[in-house]
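The values are calculated or read from the model by the stated rules, or taken from the named source; none is laboratory data. From a predicted model like this one, the values you see are computed outputs, not experimental measurements. In this analysis, Cβ positions are derived from the backbone assuming ideal geometry, glycine residues included, and neighbour counts consider all displayed protein chains.
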């Protein structure tokens, strides 16, 4: 009988020394945007709220990340990324649940997220979030403005 080896990893807070590996992960999964993911911008987010970037790590290798933001009423999830070799092993679920718990402790009553339709796996992402209790919302219209 063969046994599957369990993935051993930890979820922890981002530290500035993680930036290079975080950027590499986002590049690998197609999330890196050079206009807004510059080191100084990510570190500014980190300084503003040190608990809103979570990292998944195994054997000193960064394998996942999630960003959050919240105002004590509403929360948002951003940039869930899991290295392709570590997908479907619970890493994404633990990152989402970890950030949800932080947003709940801030007092957030709702959490919103966006799924970029440009990705081939956007339907898989929708199914992933549905399993975690998220639902498509036809009530709200998302709008944006670039600076």
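Of note:
- Residue within the stretch 51-69 that is part of a loop (DSSP other than H, G, I, E, B) and within 22 Å of residue 107 (Cα to Cα) present: yes
- In the stretch 112-125, the residue that is farthest from residue 93 (Cα to Cα) out of those that are over 14 Å from the mean Cα position of the chain (by Cα) and either in a helix (DSSP H, G or I) or without any contact (Cβ under 8 Å) to a residue 12 or more places away in the chain (or both) is 118.
- Qualifying residue in the stretch 34-49 (condition: in a loop (DSSP other than H, G, I, E, B), in contact with a helix residue (DSSP H, G or I) (Cβ under 7 Å, 6 or more places away or on another chain), without any contact (Cβ under 8 Å) to a residue 24 or more places away in the chain and closer than 30 Å to residue 141 by Cβ): yes
- Filtering the stretch 98-111 to residues that are in a helix (DSSP H, G or I) and either modelled with pLDDT under 95 or touching a strand residue (DSSP E or B) at 6+ places or on another chain (Cβ under 9 Å) (or both) leaves 98, 99, 100, 102, 103, 104.
- Summed over the stretch 2-29, residues that are surrounded by fewer than 13 Cβ atoms within 10 Å (Cβ to Cβ), assigned to a loop (DSSP other than H, G, I, E, B) and either at pLDDT 95 or above or on the phi > 0 side of the Ramachandran plot (or both) total 1.
- Within the stretch 84-97, tally of residues that are touching a residue at least 60 places away in the same chain (Cβ under 8 Å) and either assigned to a loop (DSSP other than H, G, I, E, B) or surrounded by fewer than 15 Cβ atoms within 10 Å (Cβ to Cβ) (or both): 2
- Check on residue 81, at pLDDT 95 or above, under 26 Å from residue 146 (Cα atoms) and either outside any strand (DSSP E or B) or in contact with a helix residue (DSSP H, G or I) (Cβ under 7 Å, 6 or more places away or on another chain) (or both): yes
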